[in-house]
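The values are calculated or read from the model by the stated rules, or taken from the named source; none is laboratory data. Please read all numbers here as calculations on a predicted model, not as lab measurements. Every residue, glycine as well, gets a Cβ built from its backbone with ideal geometry; the counts of neighbours run over all protein chains shown. The protein model used for the area step is the full one, side chains on, heavy atoms only, and it has no ligands, DNA or RNA in it. Shrake-Rupley method; radii C 1.70, N 1.55, O 1.52, S 1.80 Å.
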Amino acid sequence: LVVAFLVAYHQNKQLIGEKGLLPCKLYLQNVKRYFKGKISLDALSYAPTIIWFLDWSNMDSILDYLSGFGLATSAFVLVTGCANMILMAVLWILYLSLVNVGQIWYSFGWESQLLETGFLGIFLCPLWTLSRVPSYTPPSTIVIWGFRWLIFRIMLGAGLIKIRGDRCWRELTCMDYHYETQPVPNPIAYFMHRSPWWFHQFETLFNHFIELVVPFFIFLGRRMCIVHGILQILFQVLLIISGNLSFLNWLTIVPSIACFDDASLAFLFSSRQGGVKDQLVQMQVKQAAGEQLPLRYGCYIRKVVNISFGLLIAYLSVPVVLNLLNSRQVMNTSFNPLRIVNTYGAFGSVTKERTEVVIQGTSSMDPNDPAAVWEEYDFKCKPGDLKRRPCFISPYHYRLDWLMWFAAFQTYEQNEWIIHLAGKLLAQEEAALSLMETNPFAGRAPPRWIRGEHFRYKFSQPGGKHASDGKWWIRKRIGPYFPPVNLQGLKKFYEDRSWPYPAQ
């Protein structure tokens with residue numbers, strides 16, 4: 001949650017703020033208009049967010065307050081190790097409020113996974129006590145199994161979508177392409193891509209074993225459940241090393257921890273007097289001596305809450321299980337507006353070629369002049385400059401870079417925000433430029449024209465000619481992605497969408 005709120009704090013204004021690429025105020029106004037201009041139960045169900053009840057006159061401040069408060073609260077929980085149901089519920093509501101106005105920027109599976117994990121975390125904590133080892137509210141077995149049920153669905157869903165999806169998963173060839181074509185490769189992926197074919201086949205088989213077989217270890221007793229936890233955590237660590245998949249893999253480690261009991265995790269804690277392990281030992285000694293922990297009113301409430309929680313998870317799991325059993329399985333979908341129990345999956349299809357949209361600007365009066373000099377904008381992390389080393393960024397996440405990957409195998413008509421971005425670059429808007437790594441027109445007059453070019457990218461051969469020239473990538477132009485546009489020509493485009501016209 002700390003990373004998620006940090007990403008939100010750094011990027012929300014540029015993406016969904018007052019002058020964002022897809023302003024959330026316009027989104028909420030459209031939702032309200034659809035439901036007859038009222039903030040009705042239907043509108044709340046369609047987009048559950050506390051922003052409905054706040055003053056929209058300064059949406060940037062609202063987004064900052066929500067993400068800033070979430071960042072501070074989650075950092076407190078992380079540093080102190082103390083939390084209660086109230087704090088965790090507040091964090092869940094805050095992030096739910098951001099996700100439901102985030103539109104395509106928050107459309108990734110890990111957003112729903114974080115919300116489901118956070119919802120489970122509410123019931124893992126004491127009702128109102130702030131203590132690392134609450135004496136009277138031990139974690140409920142129901143909640144522990146809720147986390148195990150989550151990791152089971154995450155992994156099995158990912159495995160089934162692969163087997164039912166791209167044939168390369170059945171032919172054991174998907175890993176021949178994955179490292180090069182994944183959304184945001186890192187330097188290790190550059191070298192992993194050149195592994196021999198038999199190693200890629202082994203990787204694919206191992207993936208199937210981890211996602212289709214290992215999840216059932218959860219139900220085979222304590223030892224096999226621990227084996228499941230170890231294998232899943234190691235698998236997620238391998239994925240973290242070989243790619244930049246946001247905080248997805250870090251987040252997936254969390255429910256895997258529920259596969260371990262106190263005895264198997266004891267080595268992680270100090271034995272010093274008064275420490276977590278010492279407090280737990282004292283509690284166990286008292287219980288072994290027949291001393292019952294004093295019951296409190298809150299304990300009875302908690303038992304009722306936990307049973308209700310279990311029934312709710314079971315009820316909401318019905319459509320999820322039916323989806324897993326369906327040959328037309330869908331992935332990363334929620335069947336309830338609060339995203340409490342969701343379906344998951346990843347890389348059901350693997351692209352065989354990497355294409356990139358390269359945004360270029362020129363100061364030339366005529367964009368069709370063969371002598372016009374076009375200069376490129378680089379993004380924070382996605383491939384662009386052939387000599388720039390792929391980045392290490394996980395668990396942080398650049399939402400614009402990720403969406404550019406999707407845009408590259410769609411059209412600009414399907415991604416109107418990319419034309420909005422072009423207009424902001426033409427106006428040299430600081431907020432938009434903060435999403436970019438480089439601005440070739442820094443300290444100069446803004447460009448007169450911006451265009452998008454479509455390229456096919458491939459990793460260079462380690463030790464080869466291109467690599468010896470310092471190039472991590474080689475590329476070939478496919479053609480134009482969107483035609484040259486200028487600020488004046490975009491005026492009607494902005495007006496039709498009620499987007500604020502950028503001022504130079």
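Taking the 0 to 90 degree range and rounding to the nearest ten, how far is the long axis of helix 141-164 tilted relative to the main principal axis of the chain, both from C-alpha atoms?
40 degrees
Quick one: net charge around Leu490, please, counting Lys, Arg +1 and Asp, Glu -1 for every other residue with C-beta under 14 Å from its C-beta. Could you put the intermediate results ahead of the total?
On the way: positive: Lys424, Arg448, Arg451, Lys491, Lys492, Arg497; negative: Glu416, Glu429, Glu495, Asp496.
Counting the neighbours of Leu490, the net charge comes to +2.
How far is helix 297-325 tilted, in degrees, relative to the longest principal axis of the Cα atoms in the chain, given as a value from 0 to 90 rounded to the nearest 10?
For 297-325 against the chain, the angle is about 50 degrees.
Per residue of region 172-180, in order, report the coupling 6.51 cos²θ - 1.76 cosθ + 1.60 (Karplus, θ = phi - 60°) as ³J(HN,Hα) in whole Hz, putting x for Gly and Pro.
Taking θ as phi minus 60°, the curve returns 6, 10, 4, 6, 5, 10, 4, 4, 7 Hz for region 172-180.
Measure up Lys25/Lys424; Lys424/Lys492; Lys380/Lys424; Lys36/Lys492 against 24 Å on the Cα-Cα distance and list the ones that go over.
Working: Lys25/Lys424 18 Å; Lys424/Lys492 15 Å; Lys380/Lys424 17 Å; Lys36/Lys492 27 Å.
From Lys25/Lys424; Lys424/Lys492; Lys380/Lys424; Lys36/Lys492, over 24 Å: Lys36/Lys492.
Can you return the aspartates and glutamates within cross-link range of Lys38? Criterion is Cα-Cα under 18 Å, with same-chain partners fewer than 8 residues away left out.
Leaving aside aspartates and glutamates fewer than 8 places away in the same chain, those within reach of Lys38 are Asp55.
Using modelled backbone amide H atoms (1.01 Å from N, in-plane), which distant-in-sequence or interchain residues come within less than 5 Å of Leu127's amide H?
Under 5 Å from the amide H of Leu127 lie the amide H atoms of Met85, each far enough along the sequence or on another chain.
When only C-alpha pairs under 8 Å and at least 6 residues apart count, what is the relative contact order of the chain, in percent? Walk me through the numbers on the way to the answer.
Values: 739 pairs, mean separation 81.9, N = 504.
Once normalised by length, the contact order is 16 percent.
Which option, [x] 1.07; [y] 0.98; [z] 2.54, is the value of Cα Rg over 2.2 N^0.38 Å that was calculated from these coordinates?
Structure-derived value, by its label: [x].
Give me the angle, in degrees from 0 to 90, between the Cα long axis of helix 85-99 and the longest principal axis of the Cα atoms of the chain, rounded to the nearest 10.
20 degrees
What list of ³J(HN,Hα) couplings, whole Hz, do you get for region 223-240 from phi and the Karplus terms 6.51, -1.76, 1.60, once you set θ to phi - 60° and write x for glycine and proline?
5, 5, 5, 5, 4, 4, x, 4, 5, 5, 5, 4, 5, 5, 5, 4, 5, 5
Toward the positive end of the charge dipole of the chain, about the Cα centre and with charges on Cβ (Lys, Arg +1; Asp, Glu -1), which of Pro480, Gly221, Leu156 goes farthest?
Gly221
Applying the Karplus parametrisation 6.51 cos²θ - 1.76 cosθ + 1.60 with θ = phi - 60° to the phi angles of region 364-371, what ³J(HN,Hα) value in whole Hz is obtained for each residue in order, glycine and proline being reported as x?
So the Karplus estimates, Gly and Pro as x, are 5, 5, 10, x, 8, 5, x, 8 Hz.
Of the options Phe309, Gly102, Asn439, report the single residue whose Cα projects farthest towards the positive end of the charge dipole of the chain (beta-carbon charges: Lys, Arg +1; Asp, Glu -1).
The residue sitting most towards the positive pole is Phe309.
Please list the non-local residues whose amide H lies under 5 Å from the amide H of Phe247, H modeled 1.01 Å from N, same-chain partners needing a gap of 5 or more.
Distant-sequence amide H within range of Phe247: zero hits.
Roughly how many debye, to the nearest 20, is the charge dipole of the chain about its Cα centre, given +1 on each Lys and Arg Cβ, -1 on each Asp and Glu Cβ, and no other charges? Intermediate values should be presented prior to the final figure.
Details: 47 positive and 35 negative charges, 133 e Å.
So the dipole magnitude of the chain works out to roughly 640 debye.
Could you state the accessible area per residue of region 1-107 in Å², with a 1.4 Å probe and every protein chain left in place? Kindly include the intermediate steps, with their values, before the conclusion.
Working: 4740 Å² over 107 residues.
So region 1-107 comes to 44 Å² accessible per residue, rounded to a whole number.
So how compact is region 129-345: Cα radius of gyration and Dmax in angstrom?
Values for region 129-345 (Cα only, Rg and Dmax): 20.7, 63 Å.
With an 8 Å cut-off on Cα pairs and a minimum separation of 6 or more residues, tell me the relative contact order of region 354-497 in percent. Let's see the in-between values first.
Values: 223 pairs, mean separation 45.6, N = 144.
Value for region 354-497: 32 percent.
Search the structure for amide H atoms under 5 Å from the amide H of Trp473, placed 1.01 Å from N in the peptide plane, and list their residues when 5 or more places away or on another chain.
Correct list: Ser460.
Check each of the GluC sites (Glu not before Pro) in region 145-235 and keep only those in coil by DSSP with at most 16 other C-beta atoms within 10 angstrom; list them in order. The partial results should precede the final answer.
On the way: sites: Glu171, Glu180, Glu203, Glu211; in loops: Glu171.
Those satisfying the criteria are Glu171.
Could you pull out the pairs from Lys387/Lys465; Lys382/Lys458; Lys382/Lys491; Lys19/Lys491; Lys382/Lys471 whose alpha carbons sit more than 18 Å apart here? Walk me through the numbers before you get to the answer.
Working: Lys387/Lys465 13 Å; Lys382/Lys458 13 Å; Lys382/Lys491 29 Å; Lys19/Lys491 15 Å; Lys382/Lys471 15 Å.
Pairs exceeding the cut-off: Lys382/Lys491.
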